[in-house]
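Note sheet for the following structure.
The values are calculated or read from the model by the stated rules, or taken from the named source; none is laboratory data. Quick caveat, the model's predicted, so the values are computed rather than measured. As a convention, Cβ positions derive from the backbone with ideal geometry for all residues, glycine included, and neighbour counts pool all protein chains shown. For the accessible areas, the whole protein counts, side chains as well, though only heavy atoms, and no ligand, DNA or RNA atoms are used. Shrake-Rupley method; radii C 1.70, N 1.55, O 1.52, S 1.80 Å.
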Amino acid sequence: MTLSLNYSLATMRGAVMTGPYQVHIEDFPMPVITNTTDAIVRITTSALCGSDLHRYHGFMGSEPPWALGHEAMGYISDIGSGVSSLEVGQYVIIPDNGAIGHIDMGVGTGPLTGAPFGGANGGLQAEYARVPFADMALIPVPLTAETTNTSIEQDYLTVSDVFATCWIGLTMSGFQAGDTVAIWGAGPVGLLAAYSATIVRAASIGAIPINFMDSDPVQQNLSYEPGGIMRCVDAVGMEAINANGTMQQNIVISQIIDLVALSGGIGQVGVYLAQNNTTLAPYAEQISPHVQFSLSEFFRKGLHYEATTADPEDVAGELVNMISRGAAHPGFVGSASISIEEVPEYYERLSNQEEIKIFIRFP
């Protein structure tokens, strides 16, 4: 395989949303170096994410058009003069949160993440991307043009969001080897959370699927573990539905508190973000910023609850190392590999739960 660094094209192809359920492929101006700390990445693998569906369904977003995508990897095709730790041709992961360009020495200021990709910041379901503060933002991987292939790129791409998110969610729950784990959501984050538990435990423990449409998932779990489950992970988020198929924001946290064992822990990485209605998100105000659950039961059991927007860079070193030495193959969650022109069709398929994780390959 040879590495092409042709950067003379005037436009590139990318996915854009103009309204709920309206995804199109359009020509965009090629990104260029704007600041000395920028890098331009030629994207070779991108993906559709469950979080993208919150925009697709009209619950998140601002004004159209909105460039889509926040997971990608590829190689650097151009760098600014202020980038010191990277070089042209190097393969990198683009984490979904970006970087803010400095170290915050304050106390309790929260995750040090920059503006997420998408919208005016440029989407990653496209052929190229400009990455600000490249030294801090990009995650190098041990690949070359000669050693890369579709499978290994899909493994590494998951570090940009879904693998990192589930790893952090499992960690926040307080998981230790030997603990029982219950995971709400059987999408890529939920599946990878179960997979992460098997890696930590260093032996396959098997995952038992629970269909909440059949009967109460709490009672189904208690039939296996009468004392409750020690660690629980919410990988669903704000569009959770109940057994009637109706959206119910508090259903997951309420069920988790009913199920989790005494002194157990909860890690919540499913997205809960309320906003005002906009053109792209005409249904946003259906999402309440308040979710009710039984505080008395939470207190009685002495539970630990931690939630966050996961920052992939916090765990990237550990996850990249596991993938590079063959100890983890998270790309198995992929159910389809498509071209950029097929993205609108596959947004619909993902929304209809006909796919789990969709990778986009660029030639």
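Annotation: per residue accessible area for the chain equals 44 Å², rounded to a whole number [probe 1.4 Å, protein chains only]. Backbone amide hydrogens, once placed in the peptide plane, bring residue 236 within less than 5 Å of 270, excluding anything fewer than 5 places away on its chain. Using a probe of 1.4 Å on the protein chains alone, the accessible area found for residue 341 is around 100 Å². Assuming charge only on the beta carbon of Lys and Arg (+1) and of Asp and Glu (-1), the dipole of segment 237-363 about its Cα centre is about 360 debye to the nearest 20.
Computed over protein heavy atoms with a 1.4 angstrom probe, the accessible surface ordering of 27, 314, 161, largest first, is 314, 27, 161. In the set [x] 43, 29, 16; [y] 52, 23, 15; [z] 35, 23, 19, which value of semi-axes √(5λ) of the Cα gyration tensor in Å was calculated from the structure you see? Read-out taken from this structure: [z]. Farthest toward the positive end of the dipole of the chain, out of 139, 299, 51, is the Cα of 299, where the dipole comes from beta carbon charges about the Cα centre. The HN-Hα couplings worked out from phi for segment 291-297 by the Karplus form 6.51 cos²θ - 1.76 cosθ + 1.60 (θ = phi - 60°) are 10, 8, 8, 7, 5, 5, 5 Hz, whole numbers, x standing for Gly and Pro. Amide H to amide H, with H built 1.01 Å from N, residue 328 comes under 5 Å of 323, counting only residues 5 or more places away or on other chains. Simple point charges give the picture: +1 on the Cβ of Lys and Arg, -1 on the Cβ of Asp and Glu, and for the chain a dipole about the Cα centre of about 440 debye.
Springs between Cα atoms under 10 Å define the GNM used for the chain, and in it the highest mean-square fluctuation of 29, 20, 330 occurs at 29.
Largest accessible area first, the listed residues 349, 42 line up as 349, 42 when surface is computed with a 1.4 Å probe on the assembled protein chains.
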